[in-house]
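Q: Just passing along the structure, written as structure tokens.
The values are calculated or read from the model by the stated rules, or taken from the named source; none is laboratory data. Just so it is clear, the structure is predicted and the values come from calculations on it, not from any experiment. Ideal geometry is used to build each Cβ from the backbone, glycine not excepted, and the neighbour counts take in all protein chains shown.
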Amino acid sequence: MTIDDQTDVKACLADPATHGLAGSVERFDTHISHLFLIGDRAFKLKRAVRLPYLDFSTPEQRLAACETELRLNRRTAPDLYLGVRRITAGPEGPELDGKGPLLDAVVEMRRFDQEAILDHMAQRGALTSRHLDELAREITAFHAKAPVDATAKGADNIAAVLKINAAGFHESDVFSPDEISRLDRAFETALEQHAPRLDSRARAGQVRRCHGDLHLRNICLHEGRVRLFDCLEFNDALATVDVLYDLAFLAMDLWHRDLCADASRVVNRYFDTGAQEDGFVLMPFFTALRAAVRAHVTATQAMTTTRDQNALTDEARAYFDLAERLLEPATARLVAIGGLSGSGKSTLAQALAPHLGRGPGARVISSDRTRKAMFDVAPDQALPLAAYRPDVSARVYSNMAERAQRLLADGVTVIADAVHDRDEDRARIAAVARTAGVPFDGFWLQADADRLYARLKTRDPGASDADADVLTGQLAHAPTVTEWQLLTTAGPLTDSLSTALVQLRRTAPDQFPQKPMPGEEATT
């Protein structure tokens, strides 16, 4: 419900003279804000509205909301959020920071290139692995510092979201009562299954005051760095959630856009840099929940607009279908990938991950990243030779096996990415699958020595410290592997991915999603 008449305030902000800057003012409107752009500045005005989840009905409340927005967003983008400006009554009308009575308030931001928003970058295919890896690190660091809600109850927190969803779906006629009931039952079943884990994570301090609106339109590149901005500032309850539910919004947004490999990568990188692997099993549930929220919100928008109604209805249904697919039962499997340095193990593991299990895909456990984590160094930071002693490597492989065992017990599909050149290492990981009672596939990657050396010289910096000397040592003692499927990686990645997927479908066809992922049809 609109409360105040902001006509004069908006006219003031739309006047270039108000800002003392040359050029015209551009204006963009959302359901709760007006954005005015001029020069290198952006001014964000709260709409004078009262809604079930926010109250901007008075100038004082809008000023307080602006101050909260500034404080919260400076956690992640201090160089974008410059301050709060008061709009006051002047002798000739509204003015910025005058001495008269308060009329309104705006957040002043540094303007940035709209094409640098990750939403636009994704649309034109400009997101790179570097962007995704940096994004995972930014989110991990942000979550680590976010305030903990010591009183939170994990399952109760999520049950409240389900209650809102149940009501939200009935606000439109996009979905039938039978469809809504079916989805509600699936969520209730999943919540009952995950309730102990959710409560355990809440007790461990993983329910925090998060971003709350973490999708691609609220992430940008500024001065070459990834920045999270425009967090959900107006309702602490909606933004105080399990940190993985916060991450799931981004995973869902990528998956919905058919950027499944990107979703899998950023989620796996998040878990590589954090100590929350016990929560990986929750990611399909959380991602489905985010999709359901978008489904009923988009359906309501479709009912309240005369423009793009069919498109909004189709999008709402796409979100709904995604939620249902992510809630479908799935059983775990273990895939091990081995081969000498430069054979393409990590590349194939990352390519396979989004095809296995439910979105956002399989958990990739990498020996390189495990080793770096054991020494508490960044993945791209080189380790000393002592970190590669046989006893250290034995600890790495043992760590990988133990983690894989726990994840498989949770029902998570795992890809173990390591050289696996010793008989005992291959036997150990295969035994994990037997103990867990899940299907196992081992792939030994092969390429000629010249190609291996060439790849080590040209590949992007990553978690592996292997160089030509390491490869020379491996070649001198290269094993003859007969118990795993040999896979040539001399050709394009699409060839080795296709071969691996065909084999995986043979051994456990019921392990794959009912609906093929984009591009998967071409590999089978």
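Q: Kindly list, by first and then second residue, each pair from a residue in the range 165-187 that is under 22 Å from residue 309 (Cα atoms) to a residue that is at pLDDT 90 or above and not in a helix (DSSP H, G or I), limited to pairs with Cβ atoms under 8 Å and residues at least 6 apart or on different chains.
A: 169/175
Q: I'm trying to understand the selection: among the residues of the range 7-35, which are within 37 Å of the chain's Cα centre (by Cα), touching a residue at least 24 places away in the same chain (Cβ under 8 Å) and within 13 Å of residue 105 (Cα to Cα)?
A: Matches in the range 7-35: 10, 13, 34.
Q: What single numbered condition from (1) out of contact with any helix residue (DSSP H, G or I) (no Cβ under 8 Å at 6 or more places or on another chain); (2) at pLDDT below 85; (3) exposed (fewer than 13 other Cβ atoms within 10 Å of the Cβ) fails to hold for residue 486?
A: Unmet condition: (2).
Q: Whether any residue in the range 388-400 is touching a strand residue (DSSP E or B) at 6+ places or on another chain (Cβ under 6 Å) and either at positive phi or modelled with pLDDT of 90 or more (or both) is what I want to check.
A: Initial filter on the range 388-400 (touching a strand residue (DSSP E or B) at 6+ places or on another chain (Cβ under 6 Å)): 400.
Subsequent filtering for residues that are either at positive phi or modelled with pLDDT of 90 or more (or both) retains 400.
Within the range 388-400, one or more residues are touching a strand residue (DSSP E or B) at 6+ places or on another chain (Cβ under 6 Å) and either at positive phi or modelled with pLDDT of 90 or more (or both).
Q: Follow-up. When you check residue 392 against the structure, is it assigned to a helix (DSSP H, G or I) and either touching a Lys or Arg at 6+ places or on another chain (Cβ under 7 Å) or surrounded by fewer than 17 Cβ atoms within 10 Å (Cβ to Cβ) (or both), yes or no?
A: Details: assigned to a helix (DSSP H, G or I): yes; either touching a Lys or Arg at 6+ places or on another chain (Cβ under 7 Å) or surrounded by fewer than 17 Cβ atoms within 10 Å (Cβ to Cβ) (or both): yes.
Yes; evaluated as a whole, the condition is true for this residue.
Q: Select from the range 266-305 the residues that are in contact with a strand residue (DSSP E or B) (Cβ under 9 Å, 6 or more places away or on another chain) and either assigned to a loop (DSSP other than H, G, I, E, B) or not hydrophobic (A, V, I, L, M, F, W, C) (or both) and write down the one among them that is surrounded by the most Cβ atoms within 10 Å (Cβ to Cβ).
A: Filtering the range 266-305 for residues that are in contact with a strand residue (DSSP E or B) (Cβ under 9 Å, 6 or more places away or on another chain) and either assigned to a loop (DSSP other than H, G, I, E, B) or not hydrophobic (A, V, I, L, M, F, W, C) (or both), the one surrounded by the most Cβ atoms within 10 Å (Cβ to Cβ) comes out as 268.
Q: For the range 380-413, give me each residue that is among the hydrophobic types (A, V, I, L, M, F, W, C) and over 29 Å from the mean Cα position of the chain (by Cα).
A: Initial filter on the range 380-413 (among the hydrophobic types (A, V, I, L, M, F, W, C)): 382-383, 385-387, 392, 394, 396, 400-401, 404, 407-409, 412.
Within the range 380-413, 385, 386, 387, 392, 394 qualify.
Q: Of the residues that sit in the range 216-247 and are part of a loop (DSSP other than H, G, I, E, B) and touching a residue at least 40 places away in the same chain (Cβ under 8 Å), which one is surrounded by the fewest Cβ atoms within 10 Å (Cβ to Cβ)? Walk me through how you get there before you give the answer.
A: Kept after step one, since they are part of a loop (DSSP other than H, G, I, E, B), are these residues of the range 216-247: 223-224, 229-235.
Those left that are additionally touching a residue at least 40 places away in the same chain (Cβ under 8 Å): 223, 229-231, 233-235.
Values: 223: 10, 229: 19, 230: 26, 231: 23, 233: 21, 234: 20, 235: 14.
Across the range 216-247, the extreme among qualifying residues is 223.
Q: Next up: Are any of the residues in the range 300-311 under 30 Å from residue 434 (Cβ atoms), out of contact with any Lys or Arg (no Cβ under 6 Å at 6 or more places or on another chain), acidic (Asp, Glu) and modelled with pLDDT under 95? Break it down stepwise before answering.
A: Here is the first cut: in the range 300-311, the residues under 30 Å from residue 434 (Cβ atoms) are none.
For the range 300-311, residues under 30 Å from residue 434 (Cβ atoms), out of contact with any Lys or Arg (no Cβ under 6 Å at 6 or more places or on another chain), acidic (Asp, Glu) and modelled with pLDDT under 95: absent.
Q: If you don't mind, there's one more thing I want to ask. Could you grab the pairs with beta carbons closer than 9 Å, sequence gap of 6+ or different chains, first residue in the range 432-453 and assigned by TED's automatic domain parsing to the domain that holds residue 483, second one among the aromatic types (Phe, Trp, Tyr)?
A: The qualifying pairs are 432/440; 433/440; 434/440; 441/484; 442/484; 443/484; 444/484.
Q: Within the bounds of the range 79-90, is there any residue that is modelled with pLDDT of 95 or more, among the aromatic types (Phe, Trp, Tyr) and closer than 28 Å to residue 48 by Cα?
A: Checking the range 79-90: at least one residue is modelled with pLDDT of 95 or more, among the aromatic types (Phe, Trp, Tyr) and closer than 28 Å to residue 48 by Cα.
Q: Go through the range 307-388 and tell me which helices (runs of 4 or more DSSP H), entirely inside it, have 2 or more residues that are within 30 Å of residue 186 (Cα to Cα) and either hydrophobic (A, V, I, L, M, F, W, C) or not assigned by TED's automatic domain parsing to the domain that holds residue 402 (or both). I'd like the intermediate steps shown before the answer.
A: Values: elements: 309-327, 345-352, 367-374.
Those helices (runs of 4 or more DSSP H) span 309-327, 345-352.
Q: Looking at the range 454-469, can you tell me whether even one residue there is surrounded by 15 or more Cβ atoms within 10 Å (Cβ to Cβ), in the same structural domain as residue 507 (by TED's automatic domain parsing) and farther than 16 Å from residue 346 by Cα?
A: No, because not a single residue in the range 454-469 is surrounded by 15 or more Cβ atoms within 10 Å (Cβ to Cβ), in the same structural domain as residue 507 (by TED's automatic domain parsing) and farther than 16 Å from residue 346 by Cα.
Q: Just checking: which of the strands (runs of 3 or more DSSP E) contained wholly in the range 1-68 hold 3 or more residues that are in contact with a Lys or Arg (Cβ under 6 Å, 6 or more places away or on another chain) and hydroxyl-bearing (Ser, Thr, Tyr)? Can you show your working first?
A: Values: elements: 26-29, 33-38, 41-46.
Correct list: empty, since no element meets the threshold.
For every residue, the table says whether it meets (1) over 23 Å from residue 368 (Cβ atoms); (2) outside the structural domain of residue 406 (by TED's automatic domain parsing); (3) modelled with pLDDT under 95.
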residue: 242; (1), (2), (3): yes, yes, no
residue: 259; (1), (2), (3): yes, yes, no
residue: 276; (1), (2), (3): no, yes, yes
residue: 280; (1), (2), (3): no, yes, no
residue: 286; (1), (2), (3): yes, yes, no
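Q: I'd like the residue in the range 13-32 that is under 22 Å from residue 304 (Cβ atoms) and in contact with a Phe, Trp or Tyr (Cβ under 9 Å, 6 or more places away or on another chain) and, out of all such residues, is modelled with the lowest pLDDT.
A: So in the range 13-32, the residues under 22 Å from residue 304 (Cβ atoms) come out as 27-32.
This time we only want the ones that are in contact with a Phe, Trp or Tyr (Cβ under 9 Å, 6 or more places away or on another chain), so: 27-28, 32.
On the way: 27: 91, 28: 87, 32: 83.
Per the criteria, the residue is 32.
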